[in-house]
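What follows is a short report on a single structure.
Please treat every number below as a calculation from the coordinates, not as lab data. Keep in mind the model is a prediction, meaning the values are calculated, not measured. FYI the Cβ positions are ideal-geometry reconstructions off the backbone, even for glycines, and counts take in every protein chain you see.
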Amino acid sequence: MNSLWQFFALSIFTLPLCSYKRTGMATPKSVGFYTLGCKLNYSETSSIQRQFEEKGYLVLPFDKGPDVFVVNTCSVTDFADRKCRKIVRKALHTNPNANVIITGCYAQLKPHEIADIPGVDLVLGAKEKFHILDYIDHLQGGATKGMIYVSQIEEANHFIPAYSIGNRTRSFLKVQDGCNYSCTFCTIPKARGKSRSAPISQLVRQAEMIAQSGVKEIVLTGVNIGDFGNGTHVIEERRPSKEALFIDLIRALDKVEGIRRYRISSIEPNLLTPEIVDFVRQSSSFLPHFHIPLQSGSDKILRRMKRRYLRQLFADRIALIRRKMPDACIGVDVIVGFPGETEEDFRDSFRFIRELDINYLHVFTYSERANTPAADMQDSVPLDVRRLRNAELRSLSERKRILGYQKYLGTTRNVLVEASKIAGHLSGFTDNYIKVLLPSRPEMINTIQPVRLLDLHPDGFVTGEFLSKEVHV
């Protein structure tokens, strides 16, 4: 630990401790959570919430003014940083006397910046967030503000298990954390540390616990889940020498009774081996749905990003999936406006993506992140140009999504039925990730039903009808 962190850590323990802000309360009795960012963050927030519940806290909705607010942050883009500030203001508006705790990636990367946000009482880093209850006592006794407990990221070197429970139908299971890659735009290695994962036996036990809660679908999540097992990586098609691979994990999870569906949240194209694709094709529980980061369809930009593949490998992976699973849903991440991306580079990337047989895009506008190589690169793309490119790719994504939906109108697919925010309706996803709007039959919730897909809905759904009057559990 360097001298700055040593000074900061020592200064914390010499601060005068104060009583909880609400007069007469020795300990807070209620807590609310707000999660920013990825599915991994949601799994971790849920695990932290269970710690509070076991300690006797009442969990309240964020807008109901709990005694303690916990915000689990993301810092992938500048928008995520701004959103954190907005959420703190919202929390204190609902309960000005509450304590506000900030953790997550933003907290690890910029703890002093967060501590300066008015109303923030406690900032916890990547290593500290799973020990949050150990730090609650430091919120007692006086008018403390902006206390920071953040270790060097090298100290976040243990895998901490996490999974979400609360949604009746779906759970996010964390199988891997951290990243050994060095993409020039990314802060995640600095926010989460090196790649690490749990033993397969531990993850199988957690999947069994999730199954016992009645959940039907698990989404496998992590920072770089294809890198499962001791942080080494796959080189081309060869298996690395390590105890277990991602393929070994999914084979083991496939045998867990009670889990009807698994989705792989996101996997790098160089780690998505033919072995994995073949397994998903023949599995009865792993769904034909892949989300694969591309980031750019220009080899020049991929090299500047220090991605571990070029676009031909990506195209080969898409073609492989289509040969094996013609009905699979394939989503793709893309970044626009990376430094040095000329109009010609963007057009080259756009044409490549347009020709890919994929179903949708997640499009991100590049934003400079401090302490990344890309932030110091020349030839920055003007913000207005970045936004225009983003809009163009989003339009392409919508066209691909609609074409993909139209292909299945009139067909029957199995849908995991869920509650809907649209009054008088239910919703759900098909195995190949078509979002379906259904008539209300509450007894169908958390069951997998055969559904006929009828028509496109203006809100981005496909309308559907149940084919059976009976509930298929």
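Between M209 and K64, the distance separating the two model label sites (each 7 Å from Cα on the Cα→Cβ line) works out to 2.4 nm. Expressed as a whole percent, the proportion of Cα-Cα pairs in segment 303-444 lying more than 26 Å apart is 41%. For the chain, the relative contact order works out to 10 percent when only alpha carbon pairs closer than 8 Å and six or more residues apart are counted. Overall dimensions of the chain, expressed as equivalent-ellipsoid semi-axes from the Cα gyration tensor (√(5λ), whole Å, largest first), are 37, 29, 22. In this simple spin-label model, placing a label point 7 Å from the Cα along the Cα-to-Cβ direction at both N97 and Q152 gives a separation of 4.3 nm.
Taking Cα pairs under 8 Å and at least six residues apart, what relative contact order does segment 412-466 come out at, in percent?
Normalised by residue count, the contact order of segment 412-466 is 35 percent.
Per DSSP H run of n ≥ 4, the term is -39500 (n - 2.57); total these for the chain, divide by its residue number, and report the mean residue ellipticity at 222 nm rounded to 500 deg cm²/dmol.
-9500 deg cm²/dmol
Around the amide H of G37, modelled in the peptide plane, lies no amide H under 5 Å away from a residue 5 or more places distant or on another chain.
Relative to the longest principal axis of the Cα atoms of the chain, the long axis of helix 200-212 lies at roughly 90 degrees. Compared with the dominant principal axis of the Cα atoms in the chain, helix 78-94 is inclined by about 60°. Convex hull volume per residue, computed on the Cα atoms of segment 255-331, equals 88 Å³. Its relative contact order, with pairs defined as Cα atoms under 8 Å and 6+ residues apart, puts segment 360-473 at 20 percent. Here the extension length gained between R82 and S201 equals 38.9 nm, from 0.36 nm per residue of separation less the Cα-Cα distance. Here E355 and K29 are evaluated by their C-beta separation; at R0 = 45 Å the FRET efficiency comes out at 0.20.
Under 15 Å from a label point set 7 Å out along the Cα-to-Cβ vector of A319, the amide N atoms of segment 280-310 belong to 310. Taking the longest Cα principal axis of the chain as reference, the axis of helix 383-406 is set at about 50 degrees. Enter the Cα centre distance for the pair segment 76-136 and segment 246-280, rounded to the nearest angstrom. Cα centroid to Cα centroid, the span is 34 Å.
Can you give the extra length, in nm with one decimal, that the chain gains between N180 and A423 once fully stretched, where that is 0.36 nm per residue apart less the Cα-Cα distance?
Extra length available between N180 and A423 comes to 82.9 nm.
Dipole magnitude for segment 157-287: computed about the Cα centre from +1 point charges on Lys and Arg Cβ and -1 point charges on Asp and Glu Cβ, it is near 400 debye.
Model label sites at E368 and K469, defined 7 Å from Cα along the beta-carbon direction, differ in position by 6.7 nm.
According to the Cα-based calculation, Rg over Rh for segment 412-466 is 0.90, with Rh computed by the Kirkwood formula. Remark: segment 330-338, residue by residue, has Karplus-estimated 3J(HN,Hα) of 10, x, 9, 8, 9, 10, 10, x, 4 Hz, where x stands for each Gly or Pro and the curve is 6.51 cos²θ - 1.76 cosθ + 1.60 at θ = phi - 60°. For the chain, what is the charge dipole size about the Cα centre, in debye to the nearest 20, if Lys and Arg each add +1 at the Cβ and Asp and Glu each add -1 at the Cβ? Charge dipole, the chain, about its Cα centre: 540 debye, nearest 20.
Checking a compactness column here: for segment 88-157, what do you get for Rg(Cα) / (2.2 N^0.38 Å), N being the number of residues?
For segment 88-157, the normalised Cα radius of gyration is 1.08.
Which links in K174/K324; K29/K216; K64/K421; K216/K255; K83/K110 stretch past 22 Å when you go from one Cα to the other? Correct reply: K174/K324; K29/K216. Since only A211, S265, V277 are under comparison, the one whose Cα sits farthest along the positive direction of the charge dipole of segment 157-287, derived from C-beta charges on Lys, Arg, Asp and Glu, is A211.
Ordering K127, K64 by the number of other Cβ atoms within 10 Å of each residue's own Cβ, fewest first, gives K64, K127.
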